[in-house]
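The values are calculated or read from the model by the stated rules, or taken from the named source; none is laboratory data. Since the model is a prediction, treat every value here as computed from it, not as a measurement. Glycine gets a Cβ as well: all are built from the backbone with ideal geometry, and neighbour counts include every protein chain shown.
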Amino acid sequence: MMPNAIRRRTRAGRLAALALLAVTLATPVARAQSTLPTLPTRYADSTFWRLMTEFSEPDGFFQSDNLVSNETSFQWVVPTLRSMTRPDGVYLGVAPEQNFTFIAALKPKVAFILDIRRGNLVVHLMYKALFETSPNRVDFAFRLFGRKRPDQLATSVGVEELFAAIASMPADTAYARAVRQEIKDRLVKGHGFALSQQDLEWIDYVHGTFAGAGPGVRYNMGRGGYSGFGRMPNYSDLMTESDSLGTHRSYLATDESYATLRDMQERNVIVPFTGDFAGTKALKAFGDYVRANKGVVQAIYVSNVEQYLFRSADNWRRYYDNVATLPIDSTSVFIRSATQGWNRVQSPRSRQNELLCPVQVLLDAYKAGRIFGYGQVFELCR
């Protein structure tokens with residue numbers, strides 16, 4: 001018989017060998033898991049451009065140039081929105097500057113802006129260059145409207161005083177032209193973006209419109225020929241609006257919001273692209289990318305896009321089929337804009353209301369056949 005001491009040493013050796021084998025087998029798995037892709041904290045210029053171009057569909061049509069939002073109540077949903085969504089998610093939005101207020105509030109890891117018009121993509125590139133070349137929100141706002149900031153105006157000024165100061169300044173054609181050149185140089189020479197001549201001319205047109213109208217620029221200004229209905233809010237109205245408690249939450253209201261956006265722009269993590277929400281490529285390419293990099297879409301700002309999609313017998317179905325492919329969870333939320341007829345007026349100055357709706361709630365209703373018109377969408381949000 002084997003002596004007890006030898007038996008104990010043999011058993012200990014076997015256990016040590018098994019432990020070593022377990023570590024050896026586990027190590028490649030751990031290493032493999034650690035090398036799985038995740039959403040980056042920064043994109044190289046080449047990656048930014050590649051994502052922007054590879055996700056995009058051909059340029060489409062909309063009835064307006066839509067240089068500025070016409071939704072005054074978007075700040076009212078910000079407190080609730082922040083409480084509903086997960087941190088460090090992925091933001092998806094549509095249209096121009098209103099996205100910045102939502103992005104500043106949610107602080108997503110990465111933000112993407114989808115619009116049917118390439119013009120909107122170029123507008124966001126214009127904003128990107130202005131963020132990167134303006135150290136603070138006051139300089140940014142004056143440069144956006146092609147006006148020199150007075151030396152005596154402090155950078156800590158409140159948003160209402162800021163826009164009053166801009167409105168009091170006359171247009172400065174030469175200065176505005178210099179700002180536009182700096183924007184284009186930043187994008188083409190600084191980032192190396194291969195903008196077309198048409199893109200560069202669009203920057204001249206958009207910034208020229210802003211410089212000419214000042215903070216009085218509105219949604220129904222531009223070459224689109226669409227006048228809309230009722231009085232449209234101007235840029236100053238949008239930025240000086242507040243939530244239901246009187247707190248200013250626009251992206252130019254606080255230094256913190258501006259700093260968040262400027263940092264994201266400098267890291268190339270606010271990416272515009274072109275496409276149709278009901279199209280065959282853009283939304284699916286976006287979703288595939290986010291999923292492959294283990295991201296979750298935290299918020300989808302769709303404005304009133306669905307209103308137009310429901311005018312077609314099939315577009316709204318294709319849109320919801322696309323949304324169903326996105327990586328979401330129980331906290332993912334739609335941000336919608338609705339005319340006053342769909343819900344109570346949130347703000348005395350509001351033409352439209354912002355509504356929040358969990359994405360999964362709508363998809364469940366769609367799959368169950370309970371969505372057959374635009375009205376059902378809002379019933380789910382109430």
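What to note about this one:
- Residues located in region 48-95, provided they are of a type in the set (A, V, I, L, M), on the phi < 0 side of the Ramachandran plot and not in a helix (DSSP H, G or I): LEU67, VAL68, VAL90, LEU92, VAL94
- Applying the condition of being of a type in the set (Ser, Thr, Tyr) and within 23 Å of GLU71 (Cα to Cα) to region 305-321 and asking which residue is modelled with the lowest pLDDT yields TYR308.
- Per-region count, region 318-340, residues in contact (Cβ under 8 Å) with a residue 24 or more places away in the chain and assigned to a helix (DSSP H, G or I): 5
- Residue check: PRO108 meets all listed conditions (1) surrounded by fewer than 18 Cβ atoms within 10 Å (Cβ to Cβ); (2) touching a Phe, Trp or Tyr at 6+ places or on another chain (Cβ under 6 Å) but one, namely (1).
- Of the helices (runs of 4 or more DSSP H) contained entirely in region 210-308, those carrying at least 2 residues that are over 23 Å from ARG86 (Cβ atoms) and touching a Lys or Arg at 6+ places or on another chain (Cβ under 7 Å) fall at 255-266.
Let's see how each residue does on (1) crowded, with 18+ Cβ neighbours inside 10 Å; (2) touching a strand residue (DSSP E or B) at 6+ places or on another chain (Cβ under 6 Å); (3) at positive phi:
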site	(1), (2), (3)
ILE270	yes, yes, no
ASP276	yes, no, no
LYS284	no, no, no
TYR289	yes, no, no
ALA292	no, no, no
VAL297	yes, yes, no
GLU306	yes, no, no
PHE310	yes, no, no
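- Subset of region 108-128 (residues that are farther than 16 Å from PHE277 by Cα, of a type in the set (Val, Ile, Thr) and either outside any helix (DSSP H, G or I) or without any contact (Cβ under 8 Å) to a residue 40 or more places away in the chain (or both)): VAL110
- Residue within region 71-85 that is surrounded by 18 or more Cβ atoms within 10 Å (Cβ to Cβ), modelled with pLDDT under 95, aromatic (Phe, Trp, Tyr) and over 15 Å from the mean Cα position of the chain (by Cα) present: yes
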